[in-house]
Amino acid sequence: MARLDVTEMFQDISFPGHLHTQDSLQQAVEFNFQDTDILIASYPKSGTTWMQEIVTLVYSRGDPHLSQTVPNWTRAPWLEQYYCTAVLEASSAVPRLLTTHLPYRLLRTAIQDSKAKVIYVSRNPKDVMVSFYHFHKMANFLPDIGSFPEFLDRFLEGKLHFGSWFEHIIGWTQTAAVSNLLHVTYEEMLLDPQGAIKKISLFLQCPLAEDEINNCVKHCSFSSMKDNKMINYTLVPQEIMDHSKGSFMRKGEIGDWKNMFTEEQRRRFDSVFSSKMQQCSLQFVWEKPDEEEPNEEEKLPQNNTEPRK
Ligand SMILES: Nc1ncnc2c1ncn2[C@@H]1O[C@H](COP(=O)(O)OS(=O)(=O)O)[C@@H](OP(=O)(O)O)[C@H]1O
């Protein structure tokens, strides 16, 4: 199937032209945030959809009705995509739930003086990259990415659509002058969903009872979301997302990068990561915890050389 791949360049970052125009990007950087707005910010493939789901469920106190009847891109439109204004105009919801993949530098002027709440979602970048690689195969609005080694090069150079992962995470977590920002990781949502949902609900000033939290956990689980047409993108026409080439809800794991990276690629990634993240104190979970600290007898030879980050 022919790709719909058209690139839109904006402030040195490339975006898929299918969803972004110069006007929509310009409107995003000039967006008039209201103090009641909730903005989910993330680099692609970091757990954006999961957070859209969690926030929807928190506000409905664990009731899945809204998340099972309204697509995520309408519930929490991407600020920079062409349809955002129309969705916002058609809705009277308060608070407004918005999503963005833009780096902080593009939204700084619009958001820095606002009291809007920002939830920044991050994920270990090796898993982000692998998830993004697989997504490129099914998403016809993204460029043909070639081989995995080529994709790795482009990720490390910050040349993929949506720009550099390094700039994104450093901008939002280390330099953002946003008064209300909560940083949540994909890994904490996976390893401690109750704790993550509790933290998010408190940040949203919508504290939940234990059974409400448990209902949120149930309805935002990987298996539940994978079957939900309002989230799994099976509603999107095949010429935009080709589901014969993969699933949006693909694996949902920590450490899938180990199935793709060679030892040499891991070393190169770690070296670029160390140099670009020198000033950044964030810690990342790179593997499932039960694989992090194996017994002496269980250690595989290649794990002996794996740096602990
Ligand atoms: N509930 C739940 N549990 C575990 N994992 C989940 C969940 N929801 C989404 N995902 C995984 O998140 C990846 C998609 O990330 P994004 O939603 O940020 O993608 S996008 O930027 O909106 O295209 C993609 O990761 P991979 O499976 O590694 O490709 C999804 O499977």
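The values are calculated or read from the model by the stated rules, or taken from the named source; none is laboratory data. None of these values were measured; they are calculated from a predicted model. As a convention, Cβ positions derive from the backbone with ideal geometry for all residues, glycine included, and neighbour counts pool all protein chains shown.
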Cβ-Cβ below 7 Å, separation at least six or inter-chain, first residue in the stretch 81-102 and free of Cβ contacts under 8 Å to residues at least 60 places away in the same chain, second of a type in the set (Ser, Thr, Tyr) and within 16 Å of the ligand (Cβ to nearest atom): which pairs? 87/74
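How many of the residues in the stretch 166-179 are over 28 Å from residue 256 (Cβ atoms) and either at pLDDT 95 or above or crowded, with 17+ Cβ neighbours inside 10 Å (or both)?
Matching residues across the stretch 166-179 total 2.
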Starting from residues that are in a loop (DSSP other than H, G, I, E, B) and of a type in the set (Ser, Thr, Tyr), keep the ones in the stretch 79-104 and report whichever is surrounded by the most Cβ atoms within 10 Å (Cβ to Cβ). 82
Could you list, ordered by first residue, the pairs with Cβ atoms under 9 Å in which the first is in the stretch 41-60 and without any contact (Cβ under 8 Å) to a residue 12 or more places away in the chain and the second is more than 8 Å from the ligand (Cβ to nearest atom), at least 6 apart or interchain? 60/66; 60/67; 60/216
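Rundown of residues vs (1) among the charged types (D, E, K, R); (2) farther than 20 Å from residue 132 by Cβ; (3) surrounded by 19 or more Cβ atoms within 10 Å (Cβ to Cβ); (4) within 15 Å of the ligand (Cβ to nearest atom), yes/no style:
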site	(1), (2), (3), (4)
185	no, no, yes, yes
198	yes, yes, no, no
210	yes, yes, no, no
223	no, yes, no, yes
241	no, no, yes, yes
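Considering only the stretch 36-78, state which residues are of a type in the set (Gly, Ala, Ser) and within 25 Å of residue 179 (Cβ to Cβ). Lay out the reasoning, then the answer.
Restricting attention to the stretch 36-78, the residues satisfying the condition of being of a type in the set (Gly, Ala, Ser) are 41-42, 46-47, 60, 62, 67, 76.
Scanning the stretch 36-78 gives 41, 42, 46, 47, 76.
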Step by step: first the residues of the stretch 254-264, then only those that are more than 25 Å from residue 193 (Cβ to Cβ) and in a loop (DSSP other than H, G, I, E, B), then the one that is nearest to the ligand (Cβ to nearest atom). Which residue is that? 260
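Which residue, of 62, 47, is at positive phi, at pLDDT 95 or above and buried (at least 23 other Cβ atoms within 10 Å of the Cβ)? Working first, answer last.
Values: 62 fails: buried (at least 23 other Cβ atoms within 10 Å of the Cβ).
47 is the lone residue from the list that is at positive phi, at pLDDT 95 or above and buried (at least 23 other Cβ atoms within 10 Å of the Cβ).
Of 100, 109, which residue is within 11 Å of the ligand (Cβ to nearest atom) and not aromatic (Phe, Trp, Tyr)?
Details: 109 fails: within 11 Å of the ligand (Cβ to nearest atom).
When all the criteria are applied, what remains is 100.
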Regarding the stretch 245-253, can at least one residue be identified that is surrounded by fewer than 16 Cβ atoms within 10 Å (Cβ to Cβ), more than 10 Å from the ligand (Cβ to nearest atom) and part of a helix (DSSP H, G or I)? yes
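Can you find even one residue in the stretch 265-272 that is within 14 Å of the ligand (Cβ to nearest atom) and either part of a helix (DSSP H, G or I) or under 23 Å from residue 48 (Cβ atoms) (or both)?
So the first thing to find is which residues in the stretch 265-272 are within 14 Å of the ligand (Cβ to nearest atom), and the list is none.
Within the stretch 265-272, not a single residue is within 14 Å of the ligand (Cβ to nearest atom) and either part of a helix (DSSP H, G or I) or under 23 Å from residue 48 (Cβ atoms) (or both).
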Which pairs turn up if I take residues in the stretch 213-232 that are closer than 16 Å to residue 60 by Cα and look for partners that are aromatic (Phe, Trp, Tyr) and within 8 Å of the ligand (Cβ to nearest atom) with beta carbon separation below 9 Å, at least 6 apart in sequence or on another chain? 220/50
Enumerated helices (runs of 4 or more DSSP H) restricted to the stretch 1-78, each holding at least 1 residues that are within 15 Å of the ligand (Cβ to nearest atom), of a type in the set (Ser, Thr, Tyr) and under 26 Å from residue 216 (Cβ atoms): 48-59, 65-69, 72-75
